[in-house]
1. Please verify whether the range 21-31 includes one or more residues that are at pLDDT 95 or above and surrounded by 14 or more Cβ atoms within 10 Å (Cβ to Cβ).
2. Among the residues that make up the range 134-148, is at least one of them out of contact with any Lys or Arg (no Cβ under 6 Å at 6 or more places or on another chain) and within 12 Å of the ligand (Cβ to nearest atom)?
3. Give the range 39-55 a look and list any residue that's within 10 Å of the ligand (Cβ to nearest atom) and open to solvent by 40 Å² or more (accessible area, probe 1.4 Å), or say none.
4. Does the range 86-104 hold any residues that are more than 19 Å from D71 (Cβ to Cβ) and either part of a helix (DSSP H, G or I) or open to solvent by less than 80 Å² (accessible area, probe 1.4 Å) (or both), and which are they?
5. Could you check A124 against (1) under 17 Å from D33 (Cβ atoms); (2) in contact (Cβ under 8 Å) with a residue 40 or more places away in the chain; (3) not aromatic (F, W, Y) and say which number it fails?
6. Would you mention how many residues in the range 73-85 are more than 10 Å from the ligand (Cβ to nearest atom), open to solvent by 30 Å² or more (accessible area, probe 1.4 Å) and in contact (Cβ under 8 Å) with a residue 12 or more places away in the chain?
7. Could we say that L68 is more than 10 Å from the ligand (Cβ to nearest atom), modelled with pLDDT of 95 or more and touching a Ser or Thr at 6+ places or on another chain (Cβ under 8 Å) here?
8. Of the residues G75, G91, which single one is on the phi > 0 side of the Ramachandran plot and at pLDDT 95 or above?
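The values are calculated or read from the model by the stated rules, or taken from the named source; none is laboratory data. All figures in this text were calculated on a predicted structure; none of them were measured in a lab. Backbone-built Cβ (ideal geometry, glycine too); neighbour counts: all protein chains shown. SASA here: full protein model, heavy atoms, side chains in, ligands and nucleic acids out. Shrake-Rupley method; radii C 1.70, N 1.55, O 1.52, S 1.80 Å.
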Amino acid sequence: MKKPAIILFAASAFGGLALLAQTPAAPAGGKVDFEKEIYPIFKTKCLKCHETEHTDATGKLKKPKGGLIMDTVEGLKKGGKESGEKTLVAGKAAESELYKVTTLPVSDEMAMPPEGKGDPLTDAEKELLKKWIDQGADFGAWKGAPAK
Ligand code: HEC
């Protein structure tokens with residue numbers, strides 16, 4: 001009767017492993033959806049200053065601040081004048097300026113949005129942004145905001 005016992009043991013061990021593999025790492029689990037969860041944050045808190053160059057309703061030319069365009073995939077990948085490819089390092093939020101600037105104390109000159117120029121990200125928004133970058137900064141089907 002040795003064999004069946006081993007088989008049973010192996011089967012239950014694998015079953016246990018399969019269950020473990022299915023358990024999400026964090027309670028919130030799942031992949032962050034850029035278009036639904038991240039872009040709305042950019043839109044309300046960053047785009048005022050980081051939109052693709054365009055002329056506004058009064059005919060004034062608006063250039064993206066710091067050379068950073070946040071309403072296109074290319075712009076986000078290319079990054080800003082100072083940070084370049086360190087702006088968004090896929091898989092590494094801790095190295096991404098895009099995330100780091102949102103976690104600085106508001107009094108820091110590189111804090112984003114700049115002090116008094118908009119609401120800082122909430123802890124939940126920062127956490128989501130971090131998670132999206134750590135998960136690989138995948139834009140999904142998003143192709144950028146419609147041109148103005
Ligand atoms: C009121 C305008 C304004 C808003 C809103 C704003 N920024 Fe900025 N941002 C700036 C300015 C101005 C600079 C250039 C600062 C400098 O170079 O000293 C800048 C620069 C940056 C840079 C550095 C770019 C580089 O490489 O030079 C990053 C990253 C950045 N912003 C991210 C953000 C994020 C993320 C948000 C939204 C949470 C945001 N910004 C909202 C004005 C703004």
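1. No - not one qualifying residue is present in the range 21-31.
2. No, the range 134-148 has no match at all.
3. Selection gives K43, T44, K45, K48, C49.
4. Residues of the range 86-104 more than 19 Å from D71 (Cβ to Cβ): 86, 89, 91-95, 100, 103-104.
Result: K86, V89, G91, A93, A94, E95, K100, T103, L104.
5. That leaves (2) as the condition not met.
6. Of the residues in that region, 1 qualify.
7. Answer is no for this residue.
8. G91 is the lone residue from the list that is on the phi > 0 side of the Ramachandran plot and at pLDDT 95 or above.
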